[in-house]
Amino acid sequence: MSAFQRRVVGIRYPQWSSFGPGTLGGVVDFMRDHHQMWRLVTENDSYGEMEAIRITGDWRGSGLILFRSTEAELATFRKRGIPVVLTSTEGPDLGFPRVVPDNPAIGREAARHLLGCGLDSYAFLARGETFYREAHFAPGFRVYARERLRGFRAELAERSIEPTIHYLRGRPLWEARTWREVQTEVCAFLATLPKPCGLFVVDDSLAAVALCAADTLGRRVPDELAVIGYGDDQVYCYASMPALSSMVHPAREVGRLAAELLWRQMEGEQVSGTQTVPPGETVERESSRVLAIDDRIVSDLVAWIRLKAVHDPIRVSELCERAGLSSTTLKERFARSIGHPPKQEIQQVRLKHLERLLSRPGSTLAGIATQMGFASAHELSRFFKSATGLRPSEFRQARGNRRTGPKGFAVVFDMDGTLFDSESFFFRAFAHAYREQGESLSREDYFRRFAGTTNAHIERELERGAGRDFNRTHFSRAWRDEFNRLIEEEGLQPFADVLRALDELAALGVPLALASSSDLADIGHLLRSAGLAARFESITGGDEVPRSKPDPAIFKLAARRLGYPPEHCVAVEDSAAGVKAARAAGMRVIHVAREPRGGIAVADPSTRSVASLDAIDWRTMAESILVPSDDDAAG
């Protein structure tokens, strides 16, 4: 093939991404394997030694592999018939294919790594949104962070663990003050975490900030805070103190698959959709090396026990087979390394997890026995009494977990409009940003159509009703900027009856959860602003479920995280969408009608409408929500 017939393929990655070189290597791997002689063009500025190249909407060539792009760019490329493959979860795709890492799998692997450290508490840190000057970096809401959290949470949920979650507020990254504000916010979050704690940070650059913040706070890593990031960016991993544990980004495989999809498009095939690539290996370094065990075989086995023994009654013979050692040798090496035999390590891990499960409301001995691999509830009880001297029922009684009286139910609160009047702030922010683009949104229309729904839903619907010049990216940033300004300038005060209700429910020992259609990042920001961040055992956001209220998914998830069936939960809501969602989930509903709104029918035995929560007698609530004892005969 002559040089004039060679296809020209452009590859664009931002300077701040370390994934570009690996992706380029994967493209070359595909070319070699399939005898392709593409001319690869990358953005560069060699300061005079080569032509400075920029890949923009007017670029001409055979195809493009882009990290991210804009709708305008993609529309131009499609119009000119230029195939495109995207390699980031963020930003629009206009029907072009994506190749991205498997973000939920990344979250699960991070959880498994930290679980192997044998910690009691876990946390997650990410950016809720990111602001760039450059539109093709896709500023705004971060999808990959939500996907990684979903996997992280799911893996921990299998062990009945709920992590502490914090999303950083969006800030203009080009301003000189931003790094100090980020550092201050990360420090404030780390200061709230229990000791010890395992922290998954969504990527290496932010993980490096977390390690710096831990040093500022005097928090010892990994003894008090074990940290793992993602990307295995050598600069961040080794410039951190201590060196950062991380997962390898599968850049080469992403590049190879992206090249394949691009080639198929250039050959005339229609290709779309998202293909995911599993993350690479986990590279353990000092930031999460909690097990200070010189014997590598024992160290690996202890980590494996802590990961597996919670569900499986591992036998010592399995460890011998895994390590290729005799039982005598294995016991000697365990005794030298950690001071006790492997059977004791297995029993300690299982006992610790069993105590956690027994402490959760709503769990039965039969259910726990099945989950942990005991043959029966009787076997579970014998194991527990042999280890502690107590029957499970006696342990629960000592921990105050017998669910009688007012503790026989849980309460799930909505947030916006229920705890405080943030809904008005949202209306003003959306109306302001909509007006900037020549559109109008009335208060009546907002509350009728959007109260209780997700921000993403509101953005989509407003875009659908706007003119052709509507800029979704600019709108998303503008309303958030205005919303944050209003909160900072005017403050956010909880309703007085809410504070009284929360105090009374806490005194009664009633578990509390929050289920809001707002994004988790916004929820955290608003709860902190109102001084309510520590009031709820579990928080569920609208960005964690596929459909917003009135779909019941968010209430079902909130109940599951508390460990209560929905029929033993009371939802406190102010919006029509929220009332319908809670009813559909099977919950009793308290509709707080602070101001008259249409569309809420309360002629339903499961719903009570009040003007103030002061009208509710929480002490007698359990009389209508009877919960059977969770101690069976084996307990």
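The values are calculated or read from the model by the stated rules, or taken from the named source; none is laboratory data. None of these values were measured; they are calculated from a predicted model. Every residue, glycine as well, gets a Cβ built from its backbone with ideal geometry; the counts of neighbours run over all protein chains shown. Calculation scope for accessible area: heavy atoms of the full protein, side chains included, ligands and nucleic acids excluded. Shrake-Rupley method; radii C 1.70, N 1.55, O 1.52, S 1.80 Å.
Conditions tested, residue by residue: (1) closer than 22 Å to P194 by Cβ; (2) of a type outside the set (S, T, Y); (3) assigned to a helix (DSSP H, G or I).
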site: R220; (1), (2), (3): yes, yes, no
site: A226; (1), (2), (3): yes, yes, no
site: M241; (1), (2), (3): no, yes, no
site: A258; (1), (2), (3): no, yes, yes
site: L262; (1), (2), (3): no, yes, yes
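Among the numbered criteria (1) open to solvent by 20 Å² or more (accessible area, probe 1.4 Å); (2) assigned to a helix (DSSP H, G or I), which one does R535 miss?
R535 satisfies every listed condition except (2).
Please work out which residue is least open to solvent (accessible area, probe 1.4 Å), limiting yourself to region 89-133 and to residues that are polar (S, T, N, Q) and over 15 Å from the mean Cα position of the chain (by Cα).
Going through the qualifying residues, I end up with T130.
Being assigned to a helix (DSSP H, G or I), under 23 Å from the mean Cα position of the chain (by Cα), basic (K, R) and buried (at least 20 other Cβ atoms within 10 Å of the Cβ) is the requirement here; does R153 meet it? Break it down into steps so the answer makes sense when it comes.
Working: assigned to a helix (DSSP H, G or I): yes; under 23 Å from the mean Cα position of the chain (by Cα): yes; basic (K, R): yes; buried (at least 20 other Cβ atoms within 10 Å of the Cβ): yes.
For R153, the condition - assigned to a helix (DSSP H, G or I), under 23 Å from the mean Cα position of the chain (by Cα), basic (K, R) and buried (at least 20 other Cβ atoms within 10 Å of the Cβ) - is met.
Return the only residue of V254, V283, V248 being surrounded by 22 or more Cβ atoms within 10 Å (Cβ to Cβ) and under 33 Å from the mean Cα position of the chain (by Cα).
None of the others qualify; the one that does is V254.
Looking at (1) in a strand (DSSP E or B); (2) under 30 Å from S299 (Cβ atoms), which one does R159 not meet, given that it meets all the others?
(1)
Just checking, does region 489-502 include any residue being of a type in the set (S, T, N, Q), within 26 Å of A410 (Cα to Cα), modelled with pLDDT under 90 and surrounded by fewer than 22 Cβ atoms within 10 Å (Cβ to Cβ)?
Within region 489-502, the subset of a type in the set (S, T, N, Q) is 493.
Within this subset, residues satisfying the condition of being within 26 Å of A410 (Cα to Cα) are 493.
So of that shortlist, the ones also modelled with pLDDT under 90 come out as none.
No, region 489-502 contains no residue that is of a type in the set (S, T, N, Q), within 26 Å of A410 (Cα to Cα), modelled with pLDDT under 90 and surrounded by fewer than 22 Cβ atoms within 10 Å (Cβ to Cβ).
Quick check on my filter: what residues within region 441-461 are more than 20 Å from S476 (Cβ to Cβ) and among the basic types (K, R)?
Residues satisfying the conditions are R443, R448.
Taking D232 and the conditions (1) at pLDDT 95 or above; (2) on the phi < 0 side of the Ramachandran plot, which numbered condition does it fall short on, given that it satisfies the others?
Only one criterion in (1) at pLDDT 95 or above; (2) on the phi < 0 side of the Ramachandran plot is unmet by D232, namely (2).
Quick one: which of D223, D233 is acidic (D, E) and more than 27 Å from V100 (Cβ to Cβ)?
D223 is the lone residue from the list that is acidic (D, E) and more than 27 Å from V100 (Cβ to Cβ).
Only one of (1) open to solvent by less than 20 Å² (accessible area, probe 1.4 Å); (2) of a type in the set (G, A, S); (3) modelled with pLDDT of 95 or more is not met by A138, so which one is it?
(3)
Is it the case that D295 is of a type outside the set (S, T, N, Q) and open to solvent by 50 Å² or more (accessible area, probe 1.4 Å)?
Spelling it out, it is not the case that D295 is of a type outside the set (S, T, N, Q) and open to solvent by 50 Å² or more (accessible area, probe 1.4 Å).
Is it the case that R68 is open to solvent by 10 Å² or more (accessible area, probe 1.4 Å) and over 19 Å from Q275 (Cβ atoms)?
no
Scanning region 547-571 for residues that are among the aliphatic types (A, V, I, L, M) and closer than 18 Å to R608 by Cα, which turns out surrounded by the fewest Cβ atoms within 10 Å (Cβ to Cβ)?
Ranking the candidates gives V570 first.
Check off (1) touching a Ser or Thr at 6+ places or on another chain (Cβ under 7 Å); (2) open to solvent by 20 Å² or more (accessible area, probe 1.4 Å); (3) in a helix (DSSP H, G or I) for L211 and give me the number that stays unchecked.
Condition (2) is where L211 drops out.
Filtering region 420-441 down to residues that are without any contact (Cβ under 8 Å) to a residue 24 or more places away in the chain and open to solvent by less than 60 Å² (accessible area, probe 1.4 Å), which residue is farthest from Q493 (Cα to Cα)?
Of everything passing the filter in region 420-441, L441 is farthest from Q493 (Cα to Cα).
Where in region 371-485 are there helices (runs of 4 or more DSSP H), lying wholly inside it, with at least 2 residues that are under 27 Å from the mean Cα position of the chain (by Cα)?
On the way: elements: 377-388, 392-399, 422-436, 443-449, 455-464.
Those helices (runs of 4 or more DSSP H) span 422-436, 455-464.
Give the residues of region 162-192 that are over 26 Å from P104 (Cα atoms), open to solvent by 10 Å² or more (accessible area, probe 1.4 Å) and not in a loop (DSSP other than H, G, I, E, B), sorted by residue number.
Once the filter is applied, which keeps residues that are over 26 Å from P104 (Cα atoms), open to solvent by 10 Å² or more (accessible area, probe 1.4 Å) and not in a loop (DSSP other than H, G, I, E, B), region 162-192 yields P172, W179, R180, E181, Q183, T184, C187, A188.
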